[in-house]
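All remarks here apply to the structure that follows.
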Amino acid sequence: MSAEAAILAAIARHDALAIAVSGGVDSMLLAHLAHRTGAAVKVVHAVSFAVPEEATARVKVHATRHGWDLALVDAGELADPQYTANPVNRCYFCKSNLYSRIRSVTDATIASGANTDDLGDFRPGLLAAAERSVVHPFVEAGAGKAVIYALAAELGLGDIAALPAQPCLASRIETGITVTPETLTFIDETERTLRPLLGAGAALRCRVTAAGVAVEVAPTPPPAAATAAHSAAADICAMAGRPFLGLKPYQRGSAFLTGAA
């Protein structure tokens, strides 16, 4: 059985699905595949300061273009002090709020875009999913990130097939630093300003740490691009009154401090 067939079979086990779509390649592809099975599909997207504006815009465009039944919701995580305290298991509270909100608008089985590569990470959100019987068709089908990107390209979804990994904006805030709308907006605006200078395919993270703001990038940008990005980031930080620590090589999960509360 092909990877696509296995995923479609996992989806087809459910007569109705509510797919939590963040705007990234995983959940977007899941929504596209689910619509091919004939199942009743509701796409639910959380509009939040923690979600990049570009991600929300992308979901809206695909929903209009492909006729999705789209519900935009406020997951309410920023009203949860357990989330805003930014503990090491912040994602648990984020997903708990999201899935509870989705359940309030539909009785359908909730599905996520989690894939097998996620299983090797510390993912507190998966516990929240398990507590609420959320299903993961990619995991059921044994599909990882490489398969997801390949399928997105094969299906002609070029705009999402080229997307770099893009976790929520709160993941840029060092563990233990309070998550606020102001900080999330600062991160989003910084990354949207720098991305055209560094290239759409670059891994880009504006990290807010106790010492200041670091911009992590991969691959190493050409000298001219690095100089332009450094200058722009320094100006943004100066206007926001935040110390700028410079451009650094991208390090996955560097804002996550397991020794913090």
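The values are calculated or read from the model by the stated rules, or taken from the named source; none is laboratory data. Since the model is a prediction, treat every value here as computed from it, not as a measurement. A quick note on method: Cβ atoms are made from the backbone with ideal geometry, for glycine too, and the neighbour counts reach across all protein chains shown.
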Within the stretch 56-73, is even one residue closer than 18 Å to GLY113 by Cα, crowded, with 24+ Cβ neighbours inside 10 Å, touching a Gly at 6+ places or on another chain (Cβ under 7 Å) and at pLDDT 95 or above? yes
Being closer than 21 Å to ARG192 by Cα and of a type in the set (Gly, Ala, Ser) is the filter here; which residues of the stretch 30-74 pass it? ALA46, SER48, ALA50, ALA55, ALA57
Got a number for residues in the stretch 5-29 being under 24 Å from PRO52 (Cβ atoms), among the β-branched types (Val, Ile, Thr) and in a helix (DSSP H, G or I)? 1
Just the residues that are assigned to a strand (DSSP E or B), without any contact (Cβ under 8 Å) to a residue 60 or more places away in the chain and either of a type outside the set (A, V, I, L, M) or outside the structural domain of THR116 (by TED's automatic domain parsing) (or both), please, taken from the stretch 30-45. HIS45
Counting only residues that are among the acidic types (Asp, Glu) and more than 22 Å from the chain's Cα centre (by Cα), the stretch 1-28 contains a total of 2
Here the residues within the stretch 46-82 that are farther than 14 Å from THR185 by Cβ and assigned to a loop (DSSP other than H, G, I, E, B) are GLY67, TRP68, ASP74, ALA75, GLY76, ASP80
Filtered residues of the stretch 54-111 (kept if touching a helix residue (DSSP H, G or I) at 6+ places or on another chain (Cβ under 9 Å) and either among the β-branched types (Val, Ile, Thr) or not assigned by TED's automatic domain parsing to the domain that holds ALA12 (or both)): VAL59, VAL61, VAL73, THR84, VAL88, ILE110
May I ask you to verify whether VAL217 is outside any helix (DSSP H, G or I), under 22 Å from GLY23 (Cα atoms) and touching a residue at least 60 places away in the same chain (Cβ under 8 Å)? no
Would you mind stating whether ALA225 is of a type in the set (A, V, I, L, M, F, W, C), in a helix (DSSP H, G or I) and within 26 Å of the chain's Cα centre (by Cα)? yes
Does ARG123 fit the bill of being more than 15 Å from VAL44 (Cα to Cα) and surrounded by fewer than 17 Cβ atoms within 10 Å (Cβ to Cβ)? yes
Extreme residue, farthest from PRO219 (Cα to Cα), among residues of the stretch 229-243 that are of a type in the set (A, V, I, L, M) and without any contact (Cβ under 8 Å) to a residue 24 or more places away in the chain: MET239
Residues satisfying the stated conditions in the stretch 115-141, i.e. in contact with a helix residue (DSSP H, G or I) (Cβ under 6 Å, 6 or more places away or on another chain), under 17 Å from ALA6 (Cβ atoms) and assigned to a loop (DSSP other than H, G, I, E, B): ASN115, ALA141
Can you tell me which residue within the stretch 200-214, out of those that are modelled with pLDDT of 95 or more and part of a loop (DSSP other than H, G, I, E, B), is surrounded by the most Cβ atoms within 10 Å (Cβ to Cβ)? THR209
